[in-house]
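Undergrad: Quick one: the structure is below, and I'll ask about it shortly.
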Amino acid sequence: MSHKHIRRIGVMTSGGDCPGLNAVIRAVTKTAIYQAGIEVLGIEDGFQGLVEDRVRPLNARAVSGILTRGGTILGSNNRANPKRYHVGRDANGNPVYEDKVPTCIETLRKHSLDALIVIGGDGSMGAAAPLVEAGVNIIGVPKTIDNDLFGTEITFGFLTAVATATDALDRLHSTADSHHRVVVCEVMGRNAGWIALTAGVASGSDVILMPEIPFDIGHVSDYIKERVHKGPGFAVVVVSEGARLRGGNQMVARVDDRSADPIRLGGIGASVAQAIELATGVETRTTVLGHVQRGGTPIAADRILATHFGYHAIATLMAGKTGRMVVRNKNSFGDIALLQAAGKQRLVPTNHSLVAAARALGTNFGDGQAWHHPNDDEPSVVV
Ligand code: F6P
């Protein structure tokens, strides 16, 4: 590793927090110091700290013992966007924004930061884009429980969120069984159904509702009636916060106009539960997992992935590259242009093999489509 012009770098965690952020901070800091003699400064609360000039030195001691800790020792922020920075409200209560890209560049200059490691999701990569365009050396590290970042097959934090959601669904399974009820569990994921699909499959949930497959409540209720009255007598439904009725809209829980990405989804779980109870007559309860999915210690797979990504971020910088985001595809690490990933989402393809596998096992996606084994109702085709 060598890249002589990089003497000092900054690292920040930006966007919604997730398990594994500290593991990346540790990997970035230790690799930079041990392998390249680079000094590392931590920027507090994402881009807000860059605008407000809140930075602190990080050394091996400062990042020791944080591998297993949830959250981020640097703090994070899922509103601050340098190009459209919220500075207050006008007389009518409307939000006022300013372009703080020059202020960010000034902070970087003031601390002689030659490069910046931005650990964030699609919103943060989008927020970093104007700085990349202004010539700042940035390497992005893909973070989010939603697993929806374009250009990488996985983001760290996702697998821990899936483990947490699966554990919750397992617990809901036994209580639904005892009371002969339907339990609806709303999980996070924004516009992507990765958490709902994977936790739904891992827990053997009966119905999986996700944004990519708009559902019809009639199909869901018919399936549940059959299962409750003729089958095991209970049902578990996992619904992604971004799921929507066919021809309907996503449910919005709140709008935060201080944020460049103001929509916060939520509420679909309760609405689905009410509709199921009405249509089936079966007692139905709702659980919203919420931020539980973002907290806590990362599972081993996320610690490993985060460490790998952190190391690769510094290796990429030392290879003389800039404006890149480290990625993993087909189990190999690499990097893509950060501007290519900025602001884009990677949704679940509706023909994803895990969707097919779940359908094959009889899981209902609320779209009226069932998977049929070719031998069930049509002759096998031999090619
Ligand atoms: O992107 C991560 C995420 O947890 C989403 O799954 C969720 O929609 C959103 O952030 C919640 O944001 P907030 O923390 O602002 O409520």
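Undergrad: For THR297, what accessible surface area do you get with a 1.4 Å probe? Give it in Å², rounded to 10.
TA: Counting only protein heavy atoms, THR297 exposes about 80 Å² to solvent.
Undergrad: Please list, in order, the residues from the stretch 313-351 whose amide nitrogen is less than 20 Å from a point placed 7 Å along the Cα→Cβ vector of ILE66.
TA: From the stretch 313-351, the list is 313-317, 326.
Undergrad: Let me ask you something else. Whole Å is fine, so just give me how far the alpha carbon centre of the stretch 295-313 lies from that of the stretch 101-163.
TA: Comparing the Cα centres of the stretch 295-313 and the stretch 101-163, I get a distance of 16 Å.
Undergrad: Ignoring ligands and nucleic acids, what accessible area does LEU108 show with a 1.4 Å probe (Å², nearest 10)?
TA: Accessible surface of LEU108 is approximately 10 Å².
Undergrad: Each residue of the stretch 87-99 in order: what ³J(HN,Hα) in whole Hz does its phi give by Karplus 6.51 cos²θ - 1.76 cosθ + 1.60, θ = phi - 60°, with x for Gly and Pro?
TA: Result, rounded to whole Hz: 10, x, 10, 7, 4, 8, x, 7, x, 10, 10, 9, 7.
Undergrad: Once the piece of chain linking GLN369 and ASP257 is laid out straight, how much longer is it, given 0.36 nm per residue of separation minus the C-alpha distance between them?
TA: Difference between extended and current length: 36.4 nm.
Undergrad: Right, next: For the stretch 34-107, what is the largest minus smallest coordinate of the Cα atoms on each principal axis, given in angstrom and ordered from greatest to least?
TA: So the three principal-axis extents are 51, 28, 14 Å.
Undergrad: On to the next question. Starting from the Cα-Cα distance between HIS352 and HIS5, subtract it from 0.36 nm times their residue separation and give me the gain in nm to one decimal.
TA: Result for the pair: 120.5 nm of gain on full extension.
Undergrad: Taking H placed 1.01 Å from N in the peptide plane, check which residues at least 5 places from VAL40 or on another chain put their amide H under 5 Å from its amide H.
TA: Long-range HN contacts for VAL40: ILE9, LEU58.
Undergrad: In the calculated pair distance distribution of the chain, what percentage of Cα-Cα distances lie above 37 Å?
TA: Value for the chain (Cα pairs over 37 Å): 28 percent.
Undergrad: Using a 1.4 angstrom probe on the protein heavy atoms only, line up HIS180, HIS219 by accessible area, largest first.
TA: If we order HIS180, HIS219 from most to least accessible, we get HIS180, HIS219.
Undergrad: May I pose another question? Determine the gain in length on full extension of the stretch TYR97-PHE333; use 0.36 nm per residue of separation and subtract their C-alpha separation, reporting nm with one decimal.
TA: Extra length available between TYR97 and PHE333 comes to 81.2 nm.
Undergrad: So in the chain, what percent of DSSP beta bridges are antiparallel if you round to the nearest 5?
TA: Antiparallel bridges make up about 35 percent of those DSSP assigns within the chain.
Undergrad: Please give the helix 101-110 orientation as an angle from the longest Cα principal axis of the chain, in degrees from 0 to 90, rounded to the nearest 10.
TA: Roughly 50 degrees between the two axes.
Undergrad: Angle between the Cα long axis of helix 21-36 and the longest principal axis of the chain, 0 to 90 degrees, nearest 10?
TA: 30 degrees
Undergrad: Next question. Where does helix 158-179 land angle-wise versus the long Cα axis of the chain, in degrees 0 to 90, nearest 10?
TA: 30 degrees
Undergrad: Next up: For the pair HIS111/LEU278, report the inter-label distance in nm, with labels modelled 7 Å from Cα in the Cβ direction.
TA: That separation, rounded to one decimal, is 5.3 nm.
Undergrad: Go ahead and set up a Gaussian network model of the chain, Cα springs under 10 Å, then flag whichever of HIS86, HIS173, HIS111 fluctuates most.
TA: Of HIS86, HIS173, HIS111, the Gaussian network model singles out HIS111 as fluctuating most.
Undergrad: Related question: Which of the three applies to the stretch 1-152, rounded, prolate or oblate, going by the alpha-carbon gyration tensor with a ≥ b ≥ c and a/c under 1.5 meaning rounded?
TA: Verdict is prolate for the stretch 1-152.
Undergrad: Once you've got the Cα coordinates, tell me which of LYS30/LYS330; LYS30/LYS100; LYS110/LYS344; LYS143/LYS330; LYS83/LYS321 are over 22 Å apart.
TA: LYS30/LYS330; LYS30/LYS100; LYS110/LYS344; LYS83/LYS321
Undergrad: LYS143's amide H: which non-local residues (gap 5+, or another chain) put their own amide H closer than 5 Å, with H modeled 1.01 Å from N in plane and none for Pro or chain starts?
TA: Placed amide hydrogens put GLY120, GLY121 under 5 Å from LYS143.
The values are calculated or read from the model by the stated rules, or taken from the named source; none is laboratory data. As the structure is a prediction and not an experimental result, all values here were calculated from the model. Because the Cβ atoms are built from the backbone with ideal geometry, glycine has one as well, and the counts that use them run over all protein chains shown. Note: accessible area is taken over every heavy atom of the protein model, side chains too, but ligands, DNA and RNA are not part of it. Shrake-Rupley method; radii C 1.70, N 1.55, O 1.52, S 1.80 Å.
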